C-alpha cells in the first residue's frame, strides 16, 4: 500500500524534492508533498479513497471526518468507497477552522457525528497538530473515534498514537526531516524559500513585516 500511494503522488507530480519549503506548521523542509496537485485527478484521488476504505472495510464506521480543506475531498471519497464496500450509507463530513484556528463542526455536522463511530482521515501530517484538533472536536461532539488515519505520515517519530491520543495509522510513510526557521540548515545555507507551493510566501511576508 505504501508503494502505491507514493507512486500515485509521483504520477500526479505531488512530490517535489530538492527545494526549500515552509509548511502550514511553520516548519521548514527540503521535500514537499503538494496535495493540491493530487486532488484535480479524480481517478487517482478516488483510488486513494479506496485504499483507505479497504483498510477499514471490516470496522464498524458510520461517518468519515476530515479537516478542511483537503479533508473535504478525502472524507467524501473514503465515505463513498466505504459505502460501496459495506453496502450501507457511510457519511462524509468535515471540520473547519474557527478564528482561534481550532477545528470545529459547522453546518449541523455535529448532529451527524454525535453517538456515531467515526473514522478521521487526513492527507498529510508533519506535526499532526491539525488532525489532533479534529480528534478533540469529535470527542467533544460525542463521536466515538474508531481510528485516525493519514494518507502520508511525514514524521513517524513525532506523529504517533501516543501524540494523537487515539488509535492512529497511515497508508504510507514518506520521511522528511523538518526544522524550525532558527535551526533550519536550508536557511543557514541561504537556499531560497519556495514561494510557489506551501506557505513560503506567507512566511517571507510575515518575516518582512516584523523588520
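General observations
- Relative contact order of the chain, defined on C-alpha pairs under 8 angstrom at six or more residues apart (%): 23
- For a modelled paramagnetic label at residue 84, 7 Å from Cα along Cα-to-Cβ, the residues of the stretch 51-67 in reach, with backbone nitrogen under 18 Å, are 51-59, 64.
- Listed values [x] 18.9; [y] 19.4; [z] 17.7 include one computed from this model; for Kirkwood radius over Cα pairs in Å that value carries the label [z].
- Rounded to 10°, Cα long-axis angle of helix 129-141 versus longest principal axis of the chain: 30
- A Förster radius of 25 Å combined with the Cβ-Cβ distance from residue 13 to residue 204 puts the calculated FRET efficiency at roughly 0.55.
- Among 100, 161, 147, the largest mean-square fluctuation in a Gaussian network model of the chain (Cα springs under 10 Å) belongs to 100.
- Axis of helix 70-86 versus longest Cα principal axis of the chain: the two differ by about 30°, to the nearest ten degrees.
- Point-to-point label distance, residue 99-residue 140, nm (Cα→Cβ direction, 7 Å offset): 1.5
- Contour excess over end-to-end distance, with Cα ends at residue 58 and residue 162 and 0.36 nm allotted per residue: 35.1 nm
- Degrees, to the nearest 10: 42-55 long Cα axis against longest axis of the chain: 60
- Antiparallel bridge percentage (DSSP; both residues within the stretch 2-195; nearest 5): 25
- Calculated on alpha-carbon atoms, Rg and Dmax of the stretch 86-211 in Å: 17.6, 58
Each reported figure results from applying straightforward, stated rules to the coordinates on display, with no laboratory input. All values reported here derive from a predicted model rather than from experimental measurement. Note that we place each Cβ from the backbone using ideal geometry, even for glycine, and neighbour counts take in every protein chain shown.
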